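What follows is one structure encoded as C-alpha cells, with my remarks underneath.
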Amino acid sequence: MNNKYNTVVIGGGLAGLTSSYLLAKAGHDVLLVEKKQYPFHRVCGEYLSNEVRDFLERESLLPEQREFPTITSFLFSDTAGKSVTTALDLGGFGVSRYVLDDYIYHKVLEKGGAVQTGAQVDTVVFDKSENLFRIGLADGTQLTAFNVIGAFGKRSKLDKTLKRAFIEKRSPYIGVKYHIKTDFDRSTVALYNFKGGYCGLNTIEDGKVNLCYLGDRGQLREYGSIEAMEREVLWKNPALKPFFTDSDFLFDKPEVINEINFERKEPVDNHVLMAGDSAGLITPLCGNGMAMAIHAGKLAADAILKGKSRQEIEAQYEHSWRSLFERRLWLGRKVQRLFGSNQASVLTRMLIKHVPFISDQIIKNTHGKPF
Ligand SMILES: Cc1cc2nc3c(=O)[nH]c(=O)nc-3n(C[C@H](O)[C@H](O)[C@H](O)COP(=O)(O)OP(=O)(O)OC[C@H]3O[C@@H](n4cnc5c(N)ncnc54)[C@H](O)[C@@H]3O)c2cc1C
C-alpha cells in the first residue's frame, strides 16, 4: 500500500463509498479505509428515499439485475395497534445494505479507487506546519493525506480521539435488525410504536422483509435479553406481535447496536469533512439517513474536486451541508418526541388521520429533493 494520498476516506458506509466512488471516477488519488469486509449486514431499516434514485441511476450505482420494491405508502401504528395509512409524496424503495454497499464498493474498485478493508483508523491528526493529515491505522501503518473525509458513522473510537463533544453524552437507544420472510405489502413502509420505541417494516430485494427497531437500553437491561424484551415490550402492540410469531427469521441472531445518539455534531471538525452519520444522525423514523449519507458523500467529493485551497474546500462543504441538512436534523429531533409513548402515538395517529396537511409537511421537511 502507498502511504501518501490526496484524500483518505475513513469508513465505507454509504457516505464514504459515495465520496470514494466520485473521487476515483474523477481520477483523484483516494484511499478508502473500512474496518469490516464486504459484504456485511448493518442495523438499518433499508428504506431508501427516492431523493437519491436519479443520482444512483445516473452513476450506475444500483444493481441492474435486481428488483427493488417500490414503496409509496406509510402505515403508522400507535402502541395499541390502531393504524392509519397515508400516501408518501416522494416515496422510496427497499434495498439491503448487504447488497447496496457491496455493489458500490465494487464500483469504487472499478473506477481505480484504492480500498483497504479489514483496516481500522485509530488516529487522525492535522499537522498544521506541514498542512496535511497524519493517519494511523490499528496495525501500525502511518499514512498522510491532504484531505480527510470522516465517514465513520454514528459512533466510532475516532470521535473520542478527536475529542468531539457529543461522545461524552450517553444515549438510551439501541437498534436491532432482522431479515424475515413474512406476508407484508410490498408498497408500504410501516412504523409500529411500542413503549419506549418504534419498529419499522418494509420489503427489500428477493421478497425479504426488513424488521428493524429503535428500542430502549433500560428495557433491555430490565428484561435481560433481546428476546425477553421483545416478548414483554414489542409484542404488547397487537399489530406488531404476529411479525415476530408468524415469520421465518433469516439471521441466526439479530444485528444489534447501542448508544445511538442524535446530538448535534459539526460537519467540519479538526479540518476533517464529516459526511453521513458522523456529521449528525437523523432520527430513523424519518427514513432518510441513507439518502443523506449518499448526498453528503457527494457534497464532500464535489468540494474537494472544486476547491482550490483547504479553506475553500471546508467553506464550500460546510455551507452546502448546512443548507441541505441542518434543518432536517433539527426537525427530526423534534418529531422523535411523537413516538414511543402511548399518548403521543395515539395523538400522532389522529394527526395523520385528521390533519394530513401537518404530517405531509413533516415528511416533506425531513426529506430532500432529488438531485
Ligand atoms: C435503527 C435504525 C434504522 C434506520 N433505518 C433507516 C432507513 O430505513 N432508511 C434510511 O435512509 N436510514 C435509516 N437509518 C439511518 C442510516 O442507517 C444511516 O444514516 C446510514 O447508515 C449512514 O451511513 P454512513 O455512511 O454515514 O455510516 P455507516 O453506514 O454507519 O458506515 C460507517 C462505516 O465506518 C466504518 N468505521 C467506523 N469507524 C472506523 C474506523 N475507525 N476505521 C475504519 N472504518 C471505520 C464502519 O465499519 C462502517 O462501515 C436507520 C438508522 C438506525 C439506527
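The values are calculated or read from the model by the stated rules, or taken from the named source; none is laboratory data. Computed from a predicted model, the values in this text were never measured in an experiment. Positions of Cβ are generated from backbone atoms using ideal geometry, with glycine treated the same way; all protein chains shown enter the neighbour counts.
What tally of residues in segment 149-186 results from selecting those that are in a strand (DSSP E or B) and hydroxyl-bearing (Ser, Thr, Tyr)?
First, pick out the residues of segment 149-186 that are in a strand (DSSP E or B): 149-150, 173-181.
So of that shortlist, the ones also hydroxyl-bearing (Ser, Thr, Tyr) come out as 173, 178.
The total comes to 2.
When you scan segment 306-322, do you find a residue that is near the ligand (Cβ under 10 Å from one of its atoms), polar (S, T, N, Q) and either in a helix (DSSP H, G or I) or over 24 Å from GLU168 (Cα atoms) (or both), even just one?
The answer is no; no qualifying residue exists.
How about segment 108-142: which of its residues are within 12 Å of the ligand (Cβ to nearest atom), over 30 Å from LYS208 (Cβ atoms) and part of a strand (DSSP E or B)?
Listed by number, the residues that qualify are GLN116, VAL121, ASP122, THR123, VAL124, ILE135, GLY136, LEU137.
For segment 137-190, what are the residues that are of a type in the set (Val, Ile, Thr) and more than 25 Å from ALA239 (Cα to Cα)?
Residues satisfying the conditions are THR141, THR144, VAL148, ILE149, THR161, ILE167.
Taking segment 207-255 on its own, how many of its residues are within 16 Å of the ligand (Cβ to nearest atom) and under 16 Å from CYS44 (Cα atoms)?
11
Go through (1) surrounded by 24 or more Cβ atoms within 10 Å (Cβ to Cβ); (2) among the polar types (S, T, N, Q); (3) more than 30 Å from LYS353 (Cα to Cα); (4) in contact with a strand residue (DSSP E or B) (Cβ under 7 Å, 6 or more places away or on another chain) one by one and return the number of the condition ASN3 breaks.
(1)
Looking only at residues in segment 45-87 that are β-branched (Val, Ile, Thr) and more than 13 Å from the ligand (Cβ to nearest atom), which one is nearest to GLN336 (Cα to Cα)? Don't jump to the end; show me each part of the working.
Our first condition is that a residue be β-branched (Val, Ile, Thr); within segment 45-87, this holds for 52, 70-72, 79, 84-86.
Narrowing the set further to residues that are more than 13 Å from the ligand (Cβ to nearest atom) leaves 70, 72, 79, 84-86.
Details: THR70: 25, THR72: 22, THR79: 15, VAL84: 18, THR85: 19, THR86: 19 Å.
Per the criteria, the residue is THR79.
If you check GLY276 against the conditions, is it away from the ligand (no atom under 16 Å from the Cβ), on the phi > 0 side of the Ramachandran plot and at pLDDT 95 or above?
Considered against the rule, which asks whether it is away from the ligand (no atom under 16 Å from the Cβ), on the phi > 0 side of the Ramachandran plot and at pLDDT 95 or above, GLY276 comes out as no.
Could you look through segment 281-297, keep only residues that are modelled with pLDDT of 95 or more and either part of a loop (DSSP other than H, G, I, E, B) or touching a Ser or Thr at 6+ places or on another chain (Cβ under 6 Å) (or both), and pick out the one that is nearest to the ligand (Cβ to nearest atom)?
ALA291
Identify, please: which residue in segment 162-197 is more than 9 Å from the ligand (Cβ to nearest atom) and hydroxyl-bearing (Ser, Thr, Tyr) and is, among those, modelled with the lowest pLDDT?
Selected residue: SER171.
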